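Data block below; observations after.
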Amino acid sequence: MAQIPLGNFGRVNVQQDVVQNRVITPDPSLQNRGAQQVASTLVNAGLSILDERTKEDQALARVKASNALIDRESQVKTIALDLDEQMRTGTLSYEKSEEAYNTAVAQLEPLQTPGLNEAQQGDIGNSLKRIQLGGLDSVRAASAKGRILSAQSDLLSRMDMLGKDAAMPGANVEQINARMDAEDIDTAGRLAFGEGWASKKQDFKDGNWTTHATQRVIESRESLASLQKVEHDLTAEDGFYAKKLDPQKRNQLLNTVSGRIFQVKEHQQRQAEMREMKAERVLSQMDKQATTGIPPTPADQQRWKSALSGTSAAGEFNTRMHEMTEVQSLLRAPLAEQQQYIDRKRQQMVSQGASVTEQANVTRLQSAVDNNTKMLREHPLTFNALRTGADVAPLDVSGVMTPEGQQKLGEQIAERFDVVNAVRKAYGPEVARNPWKPEEQTMLSALMTQADDGTKLQLLGAIASSAPSGADYAAAIKPLAADQPITILAGMAQLRGLKGDDGTDVPKTLLAGARVLTDKSTPMPKDAMFREAFDKAVGNALVPGTPQREQAYLAYKSLYAGMSGPKGIKHDGPSPELDSDLAEQAVNMATGGVGEHGGEKVIKPYGLSDKVFSKIVDIELQGLAERSQFPISQLEDMPLSPVPGKEGSYYLMNAGRVQVDPATHQPMVVKVK
């Protein structure tokens, strides 16, 4: 930086005269000379002070001028840096940088340097010029750098656009790369990247070929043939990319292609295996369709044929369709003829021999007949729907707690009983009296398990009101409560509308008692006490060990538990006792009452007093004696044993055996009801 010379002036040291105390003889001439000397000294001192002040003023002016130059130098540097930043960010073109610099410098305030002479003013001007030229050099250097950056930006933009073109499907990479070989492009490239331009351009071309190869890999990822063609182009000496990709990128792409080829092969293998598995399922579907006896729809046949096409089972389609026709024709025949047809087939196989296919066909025929027969016997509704194409309406139990809902449900159940009985009439009594479809049976069974007692009784009531007979009703409720024997007993009581002598509702009390016994919410006597009291009351009126006796015992125990709470009977203490009166009432409600005949206990029909029961028995015995010529006295001494499944009918027992009528050789039966 130019400096303003500040000068190098000496300082005046004023020494004080030392006053001597001595006696001087006054001399006028000497006094005059002394006065002159004093005056001269005073003048010289004044001149020295003026000269010193002048020097100080000049030094201060030079300092101010120097500070102004320093400030101007800072301003010029700021201008240069600001223009450099504008060129770097692109807001100022490097071509207009000098013009912008000169304009900015011209707008600066002129330097004020008062107190300097012409020479010093000249020095200040020269220093100012050097400062401005230094700033201009900085701007020119930044402009040169901006020129390089601009060239780099233009070339990178060009390579980006061409690179995007190279990534398009079907792009001609050779033509795209050739557009970077023009002389002007190389000139600009050397300006922008110097010696690195050749490497930069080659990287661009390699990148385009890599993009082209990658695009082919992506397009070919599902085609094994296309992937293998790409693999050849990457590895073979005459391959398309032999001299177009550097080894590292070629190896990277080759790894990707090889891995994808493996995946596609594995995928195709799995797909082939899956098609084979699907073909097996389709053959099973065709066999199941055959067992229904219903011809498949054209859509099903087309779907089966399409699924089997291209698999090892493709040739099975026509064979299975022929066999399906044979199965369907067979299933339309009466049941007896179905089995006879299969038996004839088996005899032919034994006598004439048979191929594996023929043996498999007979096995399918037998399976179809067996499944069809099982469906007929266990699920007649499903069998009828498949045979006729007409199905019953879906069961609606949503309104079972309302009169309207019960009526609707009852009508639906009645219609189902009609269908079942029609099937039974057509195919025989081996058809089950089951008015439910398999899925409905599961739903109703869950409902019977989870519903409260009120809902259970309403549902049982709807079934009871719709059942044509007690046998139909019993068959209908049995699968719904197979693991709930008390519920079944409550259902049978609901059918008959059973009530105790005091009006106790038997079905409701049975369910309430079962709940008490299950949750153990109320203390009860031990089971041994229940069993002892029941055996004592019933005796041998119900044969020990029979299901009828066990059902009666369960009903008796549940009725006792269900009535104890409402009647206020408590069973406190560590060993609660059985209430005898309540136990007797429970036995009568569970069995209908226990009477005596021939010295043995006998179960009476519901609602008959001992007197009425004995009177009817006497009348029946009198008739039997007259018809059989059997002495009445002997008949009166014979015990009565209930006929299973027929309430109010009793066998006459003689020495533990059923008495046979000597005239008809049939069991002698007393019918009280």
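The values are calculated or read from the model by the stated rules, or taken from the named source; none is laboratory data. The structure displayed is predicted, hence computed values, not measured ones. Positions of Cβ are generated from backbone atoms using ideal geometry, with glycine treated the same way; all protein chains shown enter the neighbour counts.
List of remarks:
- When residues of region 502-547 are limited to those that are touching a Lys or Arg at 6+ places or on another chain (Cβ under 6 Å) and among the small types (G, A, S), the one nearest to P639 (Cα to Cα): A541
- Residues (of a type in the set (D, E, K, R) and within 56 Å of the chain's Cα centre (by Cα)) located in region 499-547: K499, D505, K508, R515, D519, K520, K526, D527, R531
- Hits in region 67-80 (condition: farther than 14 Å from L133 by Cα and touching a residue at least 40 places away in the same chain (Cβ under 8 Å)): A68, I70
- Single residue of A272, A290 found to be surrounded by 12 or more Cβ atoms within 10 Å (Cβ to Cβ) and touching a residue at least 40 places away in the same chain (Cβ under 8 Å): A290
- A Cβ distance below 6 Å, combined with a sequence gap of six or more or placement on separate chains, defines the contacts here; from region 602-629, residues that are within 23 Å of R496 (Cα to Cα) reach residues that are part of a helix (DSSP H, G or I) and polar (S, T, N, Q) in the pairs I603/T591.
- Boolean, E195 is modelled with pLDDT of 80 or more and among the acidic types (D, E): yes
- Among the candidates K265, K229, K244, the residue that is touching a Phe, Trp or Tyr at 6+ places or on another chain (Cβ under 7 Å) and surrounded by 11 or more Cβ atoms within 10 Å (Cβ to Cβ) is uniquely K244.
One line per residue, one yes/no per condition, for (1) touching a helix residue (DSSP H, G or I) at 6+ places or on another chain (Cβ under 8 Å); (2) β-branched (V, I, T):
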residue	(1), (2)
T211	yes, yes
E219	yes, no
E222	yes, no
A225	no, no
L234	yes, no
G239	yes, no
L245	yes, no
R250	yes, no
V257	yes, yes
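- Lone unmet requirement of (1) closer than 28 Å to K437 by Cβ; (2) in a loop (DSSP other than H, G, I, E, B) for A314: (1)
- Each residue in region 285-343 was checked for being within 17 Å of N371 (Cα to Cα) and aliphatic (A, V, I, L, M), and 11 of them qualify.
- Condition check for A464: of a type in the set (A, V, I, L, M), within 27 Å of V643 (Cβ to Cβ) and more than 53 Å from the chain's Cα centre (by Cα): no
- Test result for E577, surrounded by fewer than 19 Cβ atoms within 10 Å (Cβ to Cβ), over 24 Å from A490 (Cβ atoms) and not hydroxyl-bearing (S, T, Y): yes
- From the list L542, L559, L554, the one residue that fits, being in contact (Cβ under 8 Å) with a residue 24 or more places away in the chain and closer than 29 Å to M443 by Cβ, is L554.
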